[in-house]
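Colleague: Handing you this structure, nothing more for now.
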Ligand code: FRU
């Protein structure tokens with residue numbers, strides 16, 4: 001029997017973000033609402049703090065912010081998924097919860113780039129125990145003009161039919177998204193390519209984790225392309241997550257759309273997945289990390305976490321992303337509330353591992369926020385002239401906003417993460433950071449400043 005890895009140090013454990021107690025996690029999967037609970041699954045390797053044969057870890061919540069960890073939902077234990085249950089999605093049909101996921105398969109030559117992928121189905125009636133469909137795979141192989149990159153099915157329903165979008169690479173080496181249609185989730189018919197990269201270095205060689213949904217009368221393709229090259233202040237991470245806004249014609253399978261826009265400006269945001277909440281909100285989770293980053297928590301027996309769940313809104317063809325409104329339920333104490341003119345360096349918060357800092361700054365000057373721990377720091381500066389935020393966490397990331405003399409910042413600190421929402425989600429920075437003590441948070445500004453600081457629940461996720 002293989003031994004699951006165990007946590008050996010909790011110094012960087014997150015208090016209110018979904019993670020596994022031990023082991024490696026990456027992409028959020030199967031985000032859905034089923035029988036009174038939100039469910040989130042994630043790519044999970046329980047046997048080490050490194051990526052390995054993928055399982056689906058699982059947690060559920062009644063309010064989107066207090067999570068209960070559940071047993072592993074899928075393990076790579078059938079012929080159809082022998083080397084990994086890769087990313088996928090969930091859908092509820094006739095009161096049954098279905099998971100649709102990619103089966104990963106290596107050829108026998110030991111080359112990790114020599115693999116093939118298929119699509120599979122599993123189902124549950126209690127939202128906890130899953131049975132794999134006996135006739136898996138539901139899609140046995142990629143279309144003729146596709147390479148071996150054929151994964152991450154996201155399924156949705158439209159007018160009584162089911163649609164699946166998949167991340168793919170054409171034989172021309174270009175990233176693209178392809179779709180299938182089904183009446184019953186079991187038999188799928190290939191429809192074709194709905195969008196593809198306009199160039200390898202501009203839009204990528206492989207599109208991972210596509211998601212397709214309607215918002216404010218538009219159709220949105222949200223995806224995580226690999227291969228986009230840095231361009232000035234844009235696309236500075238190894239891989240990107242962003243979106244196209246357009247209009248989809250179901251009768252012709254064509255998607256007319258605008259250009260690619262990054263969704264988050266931080267170092268640690270990838271492989272998003274959305275769901276439609278019962279009240280009509282479009283919710284999104286991301287992986288709060290990036291491939292090939294350092295993961296200091298690996299030394300402690302775990303690696304990776306999901307972001308706070310967020311709500312998406314479309315304004316002037318731009319996606320705004322802010323924490324779900326339920327995040328107020330994480331507040332356990334009010335630490336301070338004040339409204340005054342600040343003229344010098346001011347301490348906003350100290351010794352809090354889990355905190356929310358809400359600021360409304362009225363100013364026509366530059367300002368700076370610093371998260372410090374003796375010799376380490378993460379810094380956010382705002383330049384009024386260019387209305388650009390610069391976030392320094394190691395190297396710099398940037399976000400420009402529309403000119404505005406009133407700036408609203410909502411900052412969520414957890415033991416090893418920082419999420420900064422600017423102007424109700426106009427720009428967002430998502431970061432992991434590894435301080436050995438709780439940070440002090442300093443504001444240096446000449447501004448009228450309304451400040452609210454709250455302590456947040458440090459045990460919002462419970463493990464079996
Ligand atoms: C994205 C991704 C997916 C794949 C999964 C494997 O981060 O590469 O394309 O399904 O991770 O864990």
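Colleague: Could you look through region 242-258, keep only residues that are in contact with a strand residue (DSSP E or B) (Cβ under 8 Å, 6 or more places away or on another chain) and part of a loop (DSSP other than H, G, I, E, B), and pick out the one that is surrounded by the fewest Cβ atoms within 10 Å (Cβ to Cβ)?
Modeller: 258
Colleague: Sort through 363, 346, 372 and tell me the only one that's within 30 Å of residue 319 (Cβ to Cβ) and either outside the structural domain of residue 430 (by TED's automatic domain parsing) or in contact with a strand residue (DSSP E or B) (Cβ under 7 Å, 6 or more places away or on another chain) (or both).
Modeller: 363
Colleague: If you don't mind, there's one more thing I want to ask. Of all residues in region 369-385, which are more than 10 Å from residue 441 (Cα to Cα) and surrounded by fewer than 16 Cβ atoms within 10 Å (Cβ to Cβ)?
Modeller: Passing the criteria: 374, 375, 376, 383, 384, 385.
Colleague: So residue 84 clears everything in (1) at positive phi; (2) surrounded by fewer than 14 Cβ atoms within 10 Å (Cβ to Cβ) except one condition, right? Which one?
Modeller: With (1) at positive phi; (2) surrounded by fewer than 14 Cβ atoms within 10 Å (Cβ to Cβ) applied to residue 84, the lone miss is (2).
Colleague: Also, quick follow-up: Check 174, 155 and return the single one that is under 14 Å from residue 90 (Cβ atoms) and under 25 Å from the mean Cα position of the chain (by Cα).
Modeller: Numbers: 174 fails: under 14 Å from residue 90 (Cβ atoms).
Checking each option against the conditions leaves just 155.
Colleague: Yes or no: region 199-212 includes at least one residue that is over 20 Å from residue 30 (Cα atoms), in contact (Cβ under 8 Å) with a residue 60 or more places away in the chain and surrounded by 21 or more Cβ atoms within 10 Å (Cβ to Cβ).
Modeller: Looking only at region 199-212, we keep the residues that are over 20 Å from residue 30 (Cα atoms), and these are 199-206.
Cutting the leftovers down to in contact (Cβ under 8 Å) with a residue 60 or more places away in the chain gives us none.
Taking every residue of region 199-212 in turn, none turns out to be over 20 Å from residue 30 (Cα atoms), in contact (Cβ under 8 Å) with a residue 60 or more places away in the chain and surrounded by 21 or more Cβ atoms within 10 Å (Cβ to Cβ).
Colleague: Go through 69, 89 for me and flag whichever is within 21 Å of the chain's Cα centre (by Cα), in a strand (DSSP E or B) and surrounded by 22 or more Cβ atoms within 10 Å (Cβ to Cβ). Before the answer, list the steps.
Modeller: Details: 69 fails: surrounded by 22 or more Cβ atoms within 10 Å (Cβ to Cβ).
Going through 69, 89 in turn, the sole match is 89.
Colleague: What single numbered condition from (1) in contact (Cβ under 8 Å) with a residue 12 or more places away in the chain; (2) over 14 Å from residue 305 (Cα atoms); (3) part of a loop (DSSP other than H, G, I, E, B); (4) away from the ligand (no atom under 16 Å from the Cβ) fails to hold for residue 109?
Modeller: (1)
Yes or no, residue by residue, for (1) under 30 Å from residue 135 (Cβ atoms); (2) within 15 Å of the ligand (Cβ to nearest atom); (3) out of contact with any strand residue (DSSP E or B) (no Cβ under 7 Å at 6 or more places or on another chain):
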residue: 17; (1), (2), (3): no, no, no
residue: 29; (1), (2), (3): yes, yes, no
residue: 63; (1), (2), (3): no, no, yes
residue: 76; (1), (2), (3): yes, yes, no
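Colleague: Answer with yes or no whether residue 135 is more than 21 Å from the chain's Cα centre (by Cα) and either outside the structural domain of residue 205 (by TED's automatic domain parsing) or within 13 Å of the ligand (Cβ to nearest atom) (or both).
Modeller: Details: more than 21 Å from the chain's Cα centre (by Cα): yes; either outside the structural domain of residue 205 (by TED's automatic domain parsing) or within 13 Å of the ligand (Cβ to nearest atom) (or both): no.
So residue 135 does not fit the description; no.
Colleague: Quick check on region 273-282: of everything there that is in contact (Cβ under 8 Å) with a residue 24 or more places away in the chain and either in a loop (DSSP other than H, G, I, E, B) or over 14 Å from residue 90 (Cα atoms) (or both), which residue is farthest from the ligand (Cβ to nearest atom)? Spell out the reasoning first.
Modeller: From region 273-282, those in contact (Cβ under 8 Å) with a residue 24 or more places away in the chain are 273-278, 281-282; that's our starting set.
Next cut, either in a loop (DSSP other than H, G, I, E, B) or over 14 Å from residue 90 (Cα atoms) (or both) only: 277-278, 281-282.
Working: 277: 24, 278: 27, 281: 25, 282: 21 Å.
Only one residue tops the list, namely 278.
Colleague: Okay, next question. Among the residues of region 229-239, write down those that are more than 15 Å from the ligand (Cβ to nearest atom), in contact with a strand residue (DSSP E or B) (Cβ under 8 Å, 6 or more places away or on another chain) and assigned to a loop (DSSP other than H, G, I, E, B). Quick ask: steps written out before the conclusion?
Modeller: Restricting attention to region 229-239, the residues satisfying the condition of being more than 15 Å from the ligand (Cβ to nearest atom) are 229-236.
Imposing the further condition that a residue be in contact with a strand residue (DSSP E or B) (Cβ under 8 Å, 6 or more places away or on another chain) reduces the set to 233-236.
Result: 233, 235, 236.
Listed here are the residues, each with its yes/no results for (1) within 21 Å of residue 237 (Cβ to Cβ); (2) under 25 Å from the mean Cα position of the chain (by Cα).
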residue	(1), (2)
342	no, no
347	no, no
351	no, no
357	no, yes
360	no, no
368	no, no
380	yes, yes
384	no, no
390	yes, yes
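Colleague: Report yes if some residue within region 442-455 is part of a loop (DSSP other than H, G, I, E, B), buried (at least 20 other Cβ atoms within 10 Å of the Cβ) and within 26 Å of the chain's Cα centre (by Cα); otherwise report no. It would help to see each step written out before you state the result.
Modeller: Going residue by residue through region 442-455, those that are part of a loop (DSSP other than H, G, I, E, B) are 445-446.
Narrowing the set further to residues that are buried (at least 20 other Cβ atoms within 10 Å of the Cβ) leaves 445.
The next check asks that each one be within 26 Å of the chain's Cα centre (by Cα); those that pass are none.
The answer is no; no qualifying residue exists.
Colleague: Let me ask something additional. Which condition breaks for residue 48 when tested against (1) at pLDDT 95 or above; (2) part of a loop (DSSP other than H, G, I, E, B); (3) more than 16 Å from the ligand (Cβ to nearest atom)?
Modeller: All conditions pass for residue 48, except number (3).
Colleague: Kindly check whether there is at least one residue in region 117-130 that is within 12 Å of the ligand (Cβ to nearest atom) and in the same structural domain as residue 209 (by TED's automatic domain parsing). Please lay out each step first, then the result.
Modeller: Residues of region 117-130 within 12 Å of the ligand (Cβ to nearest atom): 117, 119.
Add one more test, that the residue is in the same structural domain as residue 209 (by TED's automatic domain parsing), and what stays is 117, 119.
Yes: one or more hits.
Colleague: Hey, can you tell me all the residues within region 285-328 that are away from the ligand (no atom under 15 Å from the Cβ), assigned to a strand (DSSP E or B) and within 27 Å of residue 408 (Cβ to Cβ)? Spell out the reasoning first.
Modeller: Narrowing region 285-328 to residues away from the ligand (no atom under 15 Å from the Cβ): 294, 296-302, 308-328.
Of the ones still in play, those that are also assigned to a strand (DSSP E or B) are 302, 310-315, 318-323.
Result: 310, 311, 312, 313, 314, 315, 318, 319, 320, 321, 322, 323.
The values are calculated or read from the model by the stated rules, or taken from the named source; none is laboratory data. This structure is a prediction, so every number in the text was calculated from the model and none was measured. Cβ coordinates were reconstructed from backbone atoms using ideal geometry, including for glycine residues, and neighbour counts include every protein chain displayed.
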